[in-house]
Every structure is written in structure tokens, then in C-alpha cells.
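Shown next, in C-alpha cells, is the structure this report addresses.
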Amino acid sequence: MRASVWMWVLEIRTRINRRIKMDKIDEIMSKFISELGYKEAFEMFLKISSGKKLRSKLLLKIAGESEISLKLCAIIELIHLASLLHDDVIDEANIRRGKPSINALFGSKNSVMLGDILYSKAYFELTKFDPSIAAVISDAVSKLSIGEMMDVKMAENFNENEQKYLKMIYYKTAVLIEATAICGAKLAGKDSEKFGIYGKNLGLAFQIVDDILDITQDEKTLGKPALNDFVEGKTTLPYIYLYKSLEDEAGRAKLRSLWAKKLDEGEILWLKENFDKTSSVNKAINEAKRLGDEAIEAIKEYKNAELEGIIKSMIDREF
């Protein structure tokens with residue numbers, strides 16, 4: 001068999017195996033919710049759009065597949081879904097992953113209560129795990145909720161504080177990824193501190209890259225209008241760098257005046273010209289790359305090409 005064909009066959013097998021693992025996690029999650037015996041909640045749960053399960057893939061790449069690792073994946077995915085249900089209510093979002101959100105289908109009250117059910121069931125199942133693993137996940141969920149509050153609070157005013165932004169995305173995005181990596185390492189008997197660094201930096205870089213793409217990509221690619229974060233009142237890292245790079249107060253005042261408002265063509269052009277002039281987007285890209293390099297360095301002794309590949313595919317790309 002020719003090498004190119006063999007590589008194609010291996011890729012197809014890998015994708016099939018990955019899909020099988022994700023289906024197993026979906027089955028466990030469905031079983032967990034069906035055990036509660038409330039048909040209406042289960043039917044609503046089935047309407048939630050299934051995501052890419054980044055956290056599950058990460059845990060399985062660290063700990064391997066077993067009954068206990070798959071159950072922990074299901075618990076973490078329930079927690080993640082619960083946070084998204086609450087997030088959509090806060091943002092009044094009608095679309096999630098290209099489909100109607102639960103709050104759009106069943107109303108905000110039902111969406112909040114379903115989120116509470118997912119959180120509660122996840123915690124119940126978590127009590128069956130080693131206390132050290134339960135502690136890591138529980139602490140992460142507390143910080144995740146604080147991160148949501150931070151995000152809402154920061155949307156009240158233009159934010160120029162880089163450390164404030166980084167702490168918010170650590171709590172809101174990175175902390176559960178960090179906890180997943182730590183727990184995967186604990187299950188596998190690996191250095192949980194080093195894998196915690198990997199997970200934290202992966203989460204931070206992931207969010208920074210997502211914020212960059214909101215600026216550099218078009219509406220067709222994003223599935224939402226470009227620059228939407230800024231319009232919605234989110235001052236992400238490229239905007240913070242831009243604010244600090246503008247040479248005079250008039251430019252900074254102009255940037256503040258554009259925050260949290262619908263932008264016309266001239267205002268969009270002004271933003272893009274100044275992003276180019278100040279290299280603020282490139283500076284944010286370099287920060288994401290720095291975090292990625294630090295993540296790879298933390299686990300280099302394990303020579304895990306797949307984990308290194310996750311980082312590289314995320315940051316070694318066209319922005």
C-alpha cells in the first residue's frame with residue numbers, strides 16, 4: 001500500500017476511534033440525566049447542541065481511555081454545558097453552535113434550572129471519585145462562576161487593565177481546562193503540577209486566539225459579525241494593547257467612544273488601520289504563542305506529540 005494511502009487510512013481510523021470515544025461520553029451523560037427520572041428535563045437536555053468536547057479529548061490524551069476516565073469526562077462535560085446554559089441566559093443568546101439555544105427554545109427560567117440540574121448531577125457523580133479529584137473540579141467550578149460575574153462586571157466599562165482581563169479569562173475559560181489536565185494527570189500517575197501549567201496556558205491561549213479571530217476573520221468564517229466582542233462591550237487583549245499603543249489622548253478617547261456601540265464603516269476602518277499601525281493584534285498573537293510554548297515546555301519530558309499538536313494547531317495558523 002502506498003504511503004500516502006496508508007496515512008489516509010490511519011487518519012480515517014483515528015477519526016472513527018475519536019468519534020466512538022465521544023459517543024461513549026454522550027451515552028454516559030444521557031444515562032446520568034435519565035437516572036433523575038424527569039422526562040421534561042431529559043428532553044430539554046437532548047436538545048443541547050453537542051460541542052467538540054475539547055476538555056474530554058484533553059483528559060483522554062493524558063489519562064487514556066478507561067471506565068473511570070470516560071465517566072470523569074462526562075462529569076466535566078455536564079459542568080461545561082451547565083455553564084453555557086447560564087452564559088446564554090446572561091448574554092440573551094438565541095443561537096448556540098449554529099442551533100437554537102435552550103433559552104430560545106424553552107425560555108430563560110427553564111434554561112437556568114436545567115443548568116442547575118446538570119451542575120447538581122455532575123457534583124453527585126463527582127462524590128464517587130477520589131476526594132483529591134473532586135476537590136480540583138469543585139474549586140474550578142467555583143472560579144468558573146466567579147469568572148462569569150467578572151465578565152458581566154467588566155462589560156459595564158471600557159477596560160484597559162491587562163491583568164484584570166487575564167484573570168477574568170483564566171477563571172471563565174482556562175480554569176476548567178486546567179482542572180481537566182490536573183485530573184487526567186492524577187488518574188495516570190503523572191506530574192499534576194506540570195500538566196496544570198499545560199492546561200492553564202492552553203485555556204488562556206485558546207481564549208486569546210478566539211478574541212483575535214473576532215477581529216481578523218469575516219462574518220462568514222465566524223458565524224457572527226466581525227468585531228462583535230467589542231460591540232457587545234468586551235475589551236479583549238488586542239483592544240487593551242491598542243489603547244496602550246495609541247500615542248495621544250484624542251486617539252484613546254476615540255477608542256473609548258467606539259466601545260459597546262454599533263460601528264459604521266468608517267469606525268471599523270479606523271480600528272483596523274490602527275490595529276495595523278500599532279501591531280496590537282500581532283502583539284496579542286505573540287502572547288498566545290508565548291503561553292503555548294510555555295505549555296509545551298511544562299510537559300516536554302512526557303514527549304506527548306498529540307498534546308503538543310493541540311497547542312501548535314491553535315497558534316501556528318493564519319490569523
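The values are calculated or read from the model by the stated rules, or taken from the named source; none is laboratory data. Keep in mind that what you see is a predicted model, and the values were worked out from it rather than measured. Backbone-built Cβ (ideal geometry, glycine too); neighbour counts: all protein chains shown. Quick note on the areas: whole protein, heavy atoms, side chains included, nothing else; ligands and nucleic acids left out. Shrake-Rupley method; radii C 1.70, N 1.55, O 1.52, S 1.80 Å.
Principal-axis analysis of the Cα atoms of the chain puts helix 131-154 at an angle of about 30° to the longest axis. Mean projected area of the convex hull spanned by the Cα atoms of the chain, taken over all viewing directions: 18.2 nm².
Couplings 3J(HN,Hα) of segment 257-265, computed from phi: 5, 8, 5, 6, 9, 5, 9, 8, 4 Hz, in residue order, whole Hz [Karplus 6.51 cos²θ - 1.76 cosθ + 1.60, θ = phi - 60°; x for Gly and Pro].
FRET efficiency for the pair residue 161 and residue 65, taken as 1/(1 + (r/R0)^6) with r the Cβ-Cβ distance and R0 = 41 Å, rounds to 0.45. For segment 68-133 versus segment 193-263, the inter-centroid distance based on Cα atoms is 26 Å.
Nothing charged except the Cβ atoms of Lys and Arg (+1) and of Asp and Glu (-1): what's the magnitude of the dipole of segment 137-200 about its Cα centre? Round to the nearest 20 debye.
200
Every Cα-Cα pair of segment 53-119 was included, and the share exceeding 16 Å stands at 50 percent.
Stretched out straight at 0.36 nm per residue, the stretch from residue 290 to residue 222 would grow longer than its current Cα-Cα span by 22.0 nm.
Phi angles of segment 204-214 translate, via the Karplus equation with coefficients 6.51, -1.76, 1.60 and θ = phi - 60°, into HN-Hα couplings of 5, 5, 4, 5, 4, 4, 4, 5, 5, 4, 4 Hz per residue; Gly and Pro are given as x. Surface composition of the chain: carbon and sulfur atoms hold 52% of the protein heavy-atom accessible area at a 1.4 Å probe.
Between residue 95 and 101, the built amide H atoms are under 5 Å apart, and every one of these is 5 or more places off in sequence or on another chain. With each label modelled as a point 7 angstrom along the Cα→C-beta vector, the residue 95-residue 262 pair spans 1.7 nm.
Have a look at 38, 171, 302 and tell me which one the Gaussian network model of the chain (Cα, springs below 10 Å) gives the largest fluctuation. Highest fluctuation among the options: 38.
In this simple spin-label model, placing a label point 7 Å from the Cα along the Cα-to-Cβ direction at both residue 297 and residue 247 gives a separation of 3.4 nm.
Only one residue of 291, 141, 73 has its Cα farthest out toward the positive end of the dipole of the chain, where Lys and Arg carry +1 and Asp and Glu -1 on Cβ, and that residue is 73. Working note: 222 nm ellipticity from helices only, DSSP H runs with n ≥ 4, each -39,500 (n - 2.57), summed and divided by the residues of the chain, gives -24500 deg cm²/dmol to the nearest 500.
Accessible surface calculations at 1.4 Å, restricted to protein heavy atoms, place the chain at 52 Å² per residue.
Suppose R0 equals 35 Å; then what is the FRET efficiency for residue 319 and residue 26 from their Cβ-Cβ distance, rounded to the nearest 0.05?
Once rounded, the FRET efficiency stands at 0.60.
Of the peptides 71-82, 183-194, 146-157, the ranking by mean beta-carbon count within 10 Å, highest at the top, reads 71-82, 183-194, 146-157. Computed from backbone phi with θ = phi - 60° and the Karplus coefficients 6.51, -1.76 and 1.60, the 3J(HN,Hα) list for segment 308-319 is 5, x, 4, 5, 5, 5, 7, 10, 8, 8, 8, 9 Hz; x is used for glycine and proline.
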